[in-house]
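These notes are about the structure you will find just below.
Values quoted throughout were computed directly from the atomic coordinates according to the rules given, and no laboratory measurement underlies them. This structure is a prediction, so every number in the text was calculated from the model and none was measured. Heads up, the Cβs are rebuilt from the backbone with ideal geometry, glycines too, and the neighbour counts pull from every protein chain shown.
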Amino acid sequence: MKTGFLEKLVAKLDRVDPAVVQSIVDRLLKEKGFFVQVFEALREGVILMGADGRVSFLNAAASRFFGLDVELSIDKKLAELVRGMDWQAMMEQGTVVSRDMEVFYPERRYLHFYLAPILDREVLSGFVMIVNDLTSDRAETQATIESERLGALTLLAAGVAHEIGNPLNSLGIHLQLLDRKIKRMVAGERQPLEEHLATARQEIQRLDSILKQFLQAIRPSTLRREKVQLSELCRDVLKLLEPELSERGIRVVLDLNTDIPLLDLDAVQMQQVFHNVLRNAAQAISTDADGCITVRMASNDFEVQVLISDNGVGISPEQMGTMFEPYRSTKEGGTGLGLLIVRRIIREHGGEMEIESREGSGTRVSLFLPLAVKKARLLPEPDAVIELPP
Ligand SMILES: Nc1ncnc2c1ncn2[C@@H]1O[C@H](COP(=O)(O)OP(=O)(O)O)[C@@H](O)[C@H]1O
Ligand SMILES: [Mg+2]
């Protein structure tokens, strides 16, 4: 319907055939229905308000973002519906206001909105607010920052480790030379020196193995996938940890479902995952406690779940937020790199991990590994498409 047509119609309303008015009203209603459908189909939230700031329309996306019931929201002021922002002040500015905001209900979202006054022949007739959901963009940015941070860290650490490797090597060679010289000495003088030498050699070996492990852990690597039976891999790692576990008197309960399908995994890296998680669990249990670690595996059509629980000290809520940051360790001699590496490896396998914990009673780490190698991440299903009338 052309602009100005309605004004002309209203001016001549008393002279127009009622049947014509009827058909025009019908068309208007149809047009309104069409616009409402368009608004409802939008991914963006749309809220329309009158000049007094009372809501006259909100679409499905807006009601979802803010957890609002459409019927109950009509005629309410925006300030009553969405708290925590000074809507009044923004409306009084008389210009378009563009802002980011965070909402916690019905779920945590980062939203961007702009609020614009609607003018009808220079007179304020209301406001329109358009809202975009930035939650997933933000999560992506966060993930990029994290992986860049990890990348920089890896490079630095690898550099340092490499630099330590050279003097360590030469120390080893000098000890060998020393050993040869000592061998030529008389027995009485030789013995105490040989003891010192043996200790020095042991310590160098220990440093060397720490260094090797460290380099292996942080080396950015491409996955070397092979068919792996996870339950066997887990048993192997537990065998390696056996001395530490029995020293602490920790019981291990295994519920390794035998029908877990073979997975295409990098076995070495996945061993590192189990090693780190199981060791964290063991270290969380104090030696005098009746410690227990449970490993459960289950699978469904699309993924394998590995649940590793301990009844250790647990993790405080504050610690939970920083646990994945490099060098964050609550342990003497801890590197604070374990969880970071675990998560990187799991993610490189297309999986995810989750940690739940209750302070004082224990922690559960869940690893989710997809059954099929994901070539690309699927985009989430688009919202339902509404068929528009022709
Ligand atoms: N199972 C667990 N129980 C309690 N705390 C844990 C557990 N796993 C990890 N943590 C906490 O997370 C921190 C980081 O772990 P990690 O990255 O493996 O480094 P590290 O083991 O060298 O400290 C640990 O210092 C510990 O405080
Ligand atoms: Mg650790």
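Numbers below:
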| item | result |
| --- | --- |
| Value of relative contact order over the stretch 225-370, rounded to a whole percent, pairs C-alpha under 8 Å and six or more apart | 23 |
| In sequence order, calculated HN-Hα J values of the stretch 76-82 (Karplus, 6.51, -1.76, 1.60; Hz; x Gly/Pro) | 8, 6, 4, 4, 7, 8, 10 |
| Angle in degrees between helix 338-348 and the longest Cα principal axis of the chain, rounded to the nearest 10 | 60 |
| Full-extension gain in nm, Leu254 to Leu207, via 0.36 nm per residue minus C-alpha separation | 13.6 nm |
| Leading residue at positive end of dipole, the stretch 190-348 (Cβ point charges), from Val304, Ala281, Leu223 | Leu223 |
| Cβ-based charge dipole, the stretch 5-134, positive-most Cα from Gln22, Ala11, Ala62 | Gln22 |
| The chain, relative contact order [Cα under 8 Å, separation at least 6], % | 10 |
| Amide proton proximity set for Val304, modelled H, under 5 Å, gap of 5+ | Leu369, Leu371 |
| Charged-residue dipole, Cβ positions (Lys, Arg, Asp, Glu), the chain about Cα centre, Debye nearest 20 | 1080 |
| On Cα atoms only, tilt of 267-283 relative to the major axis of the chain in degrees | 90 |
| Ranked packing of 240-249, 23-32, most packed first, by mean Cβ within 10 Å | 240-249, 23-32 |
| Under the Karplus curve 6.51 cos²θ - 1.76 cosθ + 1.60, θ = phi - 60°, whole-Hz ³J(HN,Hα) for the stretch 173-186, x wherever Gly or Pro sits | 5, 5, 5, 4, 4, 4, 4, 4, 5, 4, 4, 7, 7, 6 |
| Estimated distance in nm for a label pair at Lys227 and Ile118, the labels positioned 7 Å out from Cα along Cα-to-Cβ | 6.4 |
| Distant-in-sequence amide H partners of Ala284 (H built 1.01 Å from N, under 5 Å) | none |
| Segments 149-157, 8-16 sorted - mean Cβ within 10 Å per residue, highest first | 149-157, 8-16 |
| For the stretch 150-157, Karplus couplings with θ = phi - 60° (6.51, -1.76, 1.60), whole Hz, Gly/Pro x | 5, x, 5, 4, 4, 4, 4, 5 |
| Rg over Rh [alpha-carbon atoms, Kirkwood Rh] for the stretch 5-134 | 1.07 |
| Extent along principal axes [Cα atoms of the chain; Å; largest to smallest] | 131, 48, 40 |
| Whole-number percent relative contact order across the stretch 5-134, with pairs defined as alpha carbons under 8 Å at least 6 apart | 22 |
| Protection-proxy order for peptides 308-315, 323-330, 176-183, each taking the mean of Cβ atoms within 10 Å per residue, highest first | 308-315, 323-330, 176-183 |
| Potential lengthening between Ile173 and Arg190 on full extension [0.36 nm per residue; Cα-Cα distance subtracted] | 4.2 nm |
| Per-pair calculated FRET efficiency, R0 = 25 Å: Asn166 and Thr330 via Cβ, rounded to 0.05 | 0.15 |
| Fraction of the pair-distance distribution of the stretch 138-218 above 18 Å, Cα-Cα pairs, percent | 59 |
| Cross-link partners of Lys12 among lysines (Cα-Cα below 30 Å; sequence separation of 8 or more within a chain) | Lys2, Lys30, Lys32 |
